[in-house]
Amino acid sequence: MYCMSDLQMLINKIRQFNTERDWSQFHNAKDLALAISIEAAELNELFLWKKAEEADAEKVKEELADIFTYALQLADKYGFDVGQIVADKIEKNALKYPVDKAKGSAKKYNEL
C-alpha cells in the first residue's frame, strides 16, 4: 500500500545511532512519550511572546526533528507502520469532519 523505504531507512538510522551509543536501554515507551511532550514544549517556547513569523526557523527545525525522532522511535517500539497509522487517522478524521460540515470551520467534530 505505502512505500515506506525512505521512512524505514530513517528509522533504521535512528536505531543504529542509538545502538552505537547503547542508548536503546533508555528508550522505553513511557520515556519516549515523555520526551515527545518535552520537545513539544521546547517547540512551543520558541513561539512564546512573539508573532509566529518571529520564531527562529532553524530552532523550529531542530525541535521538530527531535519530536519526529522520538515519535518514530515510539512507533518502532510498538511495531507500528507509521504510514498506515497516519492514513488510518486521516480516514477516521474524514468521518468525524465531513467536508460539507467542516470546511473553513475550526469547530471540534462534536460542535459541527
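The values are calculated or read from the model by the stated rules, or taken from the named source; none is laboratory data. Here the structure is a predicted model, which is why all the values come from computation and not from measurement. Using ideal geometry, Cβ is built from the backbone for each residue, glycine included, and neighbour counts are taken over all protein chains shown.
Condition first: within 15 Å of H27 (Cβ to Cβ) and either acidic (D, E) or surrounded by fewer than 17 Cβ atoms within 10 Å (Cβ to Cβ) (or both). Now tell me which residues in region 57-70 satisfy that.
So the first thing to find is which residues in region 57-70 are within 15 Å of H27 (Cβ to Cβ), and the list is 66-70.
D66, F68, listed by residue number.
Failed condition for D22, given (1) more than 27 Å from K107 (Cα to Cα); (2) surrounded by 12 or more Cβ atoms within 10 Å (Cβ to Cβ), with all others met?
With respect to (1) more than 27 Å from K107 (Cα to Cα); (2) surrounded by 12 or more Cβ atoms within 10 Å (Cβ to Cβ), D22 is out only on (2).
Out of everything in region 13-24 that is assigned to a helix (DSSP H, G or I) and at pLDDT 95 or above, what residue ends up being nearest to the chain's Cα centre (by Cα)? Talk me through it step by step, then tell me what you get.
So in region 13-24, the residues assigned to a helix (DSSP H, G or I) come out as 13-20, 24.
If we keep only those that are at pLDDT 95 or above as well, we get 13-20.
Working: K13: 17, I14: 15, R15: 17, Q16: 20, F17: 19, N18: 19, T19: 22, E20: 24 Å.
Selected residue: I14.
Could you check how many residues of region 81-106 are within 30 Å of K30 (Cβ to Cβ) and either of a type in the set (V, I, T) or surrounded by 14 or more Cβ atoms within 10 Å (Cβ to Cβ) (or both)? Give the steps one after another, and end with the answer.
Taking region 81-106 first, the residues within 30 Å of K30 (Cβ to Cβ) are 81-93, 96.
Adding the requirement that they be either of a type in the set (V, I, T) or surrounded by 14 or more Cβ atoms within 10 Å (Cβ to Cβ) (or both) leaves 81-83, 85-86, 90.
The number of residues fulfilling the criteria is 6.
For the list (1) loosely packed, with under 12 Cβ neighbours inside 10 Å; (2) closer than 25 Å to D6 by Cα; (3) charged (D, E, K, R), I need the number of the one condition that E54 fails.
Going through the list (1) loosely packed, with under 12 Cβ neighbours inside 10 Å; (2) closer than 25 Å to D6 by Cα; (3) charged (D, E, K, R), E54 breaks only (2).
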